[in-house]
1. Placing unit charges on C-beta atoms (Lys and Arg positive, Asp and Glu negative, everything else neutral), compute the dipole magnitude of the chain about its Cα centre in debye, rounded to 20.
2. What residue among LEU111, ILE132, MET42 has its Cα farthest toward the positive end of the dipole of the chain, where the charges are +1 on Lys, Arg and -1 on Asp, Glu, each on the Cβ?
3. For the chain, what relative contact order do you get, as a whole percent, if you take Cα pairs closer than 8 Å and at least 6 residues apart?
4. Suppose R0 equals 30 Å. What FRET efficiency, 1/(1 + (r/R0)^6) with r the Cβ-Cβ distance, do ALA108 and ASP142 give to the nearest 0.05?
5. By how many degrees, 0 to 90 and rounded to 10, does the Cα axis of helix 108-130 deviate from the longest principal axis of the chain?
6. Bin width 5 Å, origin at 0, all Cα-Cα pairs of the chain: what percent of pairs per bin?
7. How far is helix 65-75 tilted off the main Cα axis of the chain, in degrees rounded to 10, range 0 to 90?
8. Mean separation of Cα pairs under 8 Å and 6+ residues apart, divided by the residue count of the range 35-93: what relative contact order is that in percent?
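Bear in mind that the values in this text are calculations on the coordinates, not laboratory data. Bear in mind that the values here come from a model prediction, so they are computed numbers and not experimental data. Every residue, glycine as well, gets a Cβ built from its backbone with ideal geometry; the counts of neighbours run over all protein chains shown.
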Amino acid sequence: MLQFGQLGLGSITVLLCDADGNLFPSEEPAFVASAEVTNRFMASLGLSRRFYPEELRLATTGKNFRTTAVDLAVGGGVPVEATLAVRYPGAVTTTTDLSGGTPHMLTAARLEHWVQEEKQAVTAHAGKRLGITPWQGLAIEDSVPGAQSAVAAGLQTIGNVAFVSWGELKGLLG
């Protein structure tokens, strides 16, 4: 077993699992926080469209926030940095210097800011809804951004971010 740090399980009262809605309804509460961030994101781009949590969940099931954000920007006619428009034929792109933070354009840096904000908002919402402090929760995450978000929220975190077969693991460990 690989162990990178000691877990202090004495204070843990809640296990937070990223179950993707397949073991229990874990997605619905997350979309309360996600809708708040999505709506602020839309406003930052000058778009008037707003989402209720359930509406956002139904519209974006199977997508992460990064994909959803680019979809919404492109769909709203917002100019996006060319590197973000690769999957979007007909997207309005810009090749101008966007380092000045020009409003109503989506750059890779701006997108990353919103992705991190959404992850942190969802994690904080879960803790608040459960009535726990960060040291009372143990997060089990299935993605690097999810694990980073849980760590940033102060939770002890287990990141199960890639499956490696036992045979492959033995080869990696020597």
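1. Numbers: 12 positive and 16 negative charges, 33 e Å.
Once rounded to the nearest 20, the dipole reads 160 debye.
2. Looking along the dipole axis, the top candidate is MET42.
3. Working: 207 pairs, mean separation 42.3, N = 174.
Computed over the chain, the figure is 24 percent.
4. On the way: r = 24 Å, r/R0 = 0.80.
Plugging the Cβ-Cβ distance into 1/(1 + (r/R0)^6) gives 0.80.
5. With both axes taken from Cα atoms, the answer is about 50 degrees.
6. Per 5 Å bin, starting at zero, the Cα-Cα P(r) for the chain comes out as 1, 8, 15, 17, 16, 13, 12, 9, 6, 3, 0, 0 percent.
7. It is inclined by approximately 10 degrees.
8. Numbers: 40 pairs, mean separation 15.2, N = 59.
Reported as a whole number, the value is 26 percent.
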